[in-house]
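Okay, so here's the structure we're looking at.
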Amino acid sequence: NAVEKDNSLLIAKNYLGVTYIHLGKIEIAKNIYLDVLKQSKNNDDIKSQAMVLSNIGEMYFRQGDYRKAKEYYDKSIIIRYEIKDVAGQATQIHNIAAIERVRGDFVKSLNSSKEVIKICKKIDNNELCIKAYLNIGDIYHFQSKYSNSLLFYKKAYDLSFEFKESELIADSLNALANVYTSKLENKK
């Protein structure tokens with residue numbers, strides 16, 4: 001409704017694109033994102049530009065095109081540093097850490113996730129901190145380092161439970177269950 005009333009509401013258009021991504025309607029989202037990118041450049045709306053670049057990166061990540069995803073995340077993080085958007089910087093570092101993990105570069109991904117946790121503790125961003133813990137747990141799980149994996153998944157669970165992040169509680173419990181399955185501890 002907001003976009004229909006005012007086509008220049010770029011934040012609303014960004015979120016509309018995100019909604020289409022979650023519905024699996026990639027082409028619609030892509031068209032929205034390209035429109036937002038064009039408008040944000042024409043209007044010198046740096047914040048919307050950083051946001052849409054990140055969203056385009058997310059779109060490519062979901063499609064498995066990690067090279068393109070990283071390209072857009074890198075563009076977004078440059079802007080986030082320019083405008084001193086610390087939360088946005090942490091988000092982009094986390095996104096890049098996820099790419100590094102799926103590419104198998106566990107050392108880089110681990111270091112990036114640890115950087116995200118440091119930043120998140122300073123700015124009180126619990127949701128992103130939980131996601132970083134989950135990423136670290138994933139890294140250790142992929143390496144069959146189950147005790148380390150369980151440690152970070154439990155940190156994610158505890159923090160998500162403390163702050164009532166229900167979706168992340170579910171993600172944490174699922175991750176814990178997967179490790180116990182890998183350890184053949186099916187009752188746990």
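Could you sort out which of Lys84/Lys155; Lys68/Lys114; Lys47/Lys145; Lys5/Lys122; Lys25/Lys131; Lys13/Lys84 sit more than 32 Å apart by Cα distance in this structure? Those over the limit are Lys47/Lys145; Lys5/Lys122. Taking a Cβ cut-off of under 13 Å around Tyr20, the surrounding Lys, Arg, Asp and Glu residues balance to a net charge of +1, with basic ones at +1 and acidic ones at -1. The mean sequence separation of alpha-carbon pairs under 8 Å and at least six residues apart, normalised by the residue count of the chain, gives a relative contact order of 11 percent. Here the contact order of region 95-174, divided by its residue count and restricted to Cα pairs under 8 Å and six or more residues apart, works out to 23 percent.
Accessible area per residue for region 53-106, computed on protein heavy atoms with a 1.4 Å probe, is 45 Å². Projection of the Cα convex hull of region 1-101, averaged over all directions and equal to a quarter of that hull's surface, yields 6.1 nm². Putting +1 on Lys and Arg Cβ atoms and -1 on Asp and Glu Cβ atoms, find which of Leu110, Ser48, Asn1 reaches farthest to the positive end of the dipole of the chain. It is Leu110.
Each distinct pair of alpha carbons in the chain adds a 1/r term; the inverse of their mean, the Kirkwood radius, is 17.5 Å.
Here is the list for region 46-100: trypsin sites (Lys or Arg not before Pro) lying in DSSP coil, each with at most 12 other C-beta atoms within 10 angstrom of its C-beta, are Lys84. In the chain, the DSSP-assigned H stretches of four residues or longer account for a calculated mean residue ellipticity at 222 nm of -27000 deg cm²/dmol, using -39500 (n - 2.57) per stretch and the full residue count as denominator. The Cα-based radius of gyration of region 1-60, divided by its Kirkwood radius, gives an Rg/Rh of 0.94. Projecting the Cα atoms of Val179, Tyr153, Ile169 onto the charge dipole of region 147-188, computed from C-beta unit charges around the Cα centre, puts Val179 farthest toward the positive end. Counting Lys and Arg as +1 and Asp and Glu as -1 over every other residue whose Cβ lies under 13 Å from the Cβ of Val52, the net charge comes to +4.
The angle between the Cα long axis of helix 66-82 and the longest principal axis of the Cα atoms of the chain comes to about 70 degrees, rounded to the nearest 10. For the chain, the fraction of 1.4 Å probe accessible surface lying on carbon and sulfur atoms is 51 percent.
The values are calculated or read from the model by the stated rules, or taken from the named source; none is laboratory data. Owing to the predicted nature of the structure, the values given are computational and were not obtained by experimental measurement. As a convention, Cβ positions derive from the backbone with ideal geometry for all residues, glycine included, and neighbour counts pool all protein chains shown. Note: areas computed on protein heavy atoms with side chains; ligands, DNA, RNA excluded. Shrake-Rupley method; radii C 1.70, N 1.55, O 1.52, S 1.80 Å.
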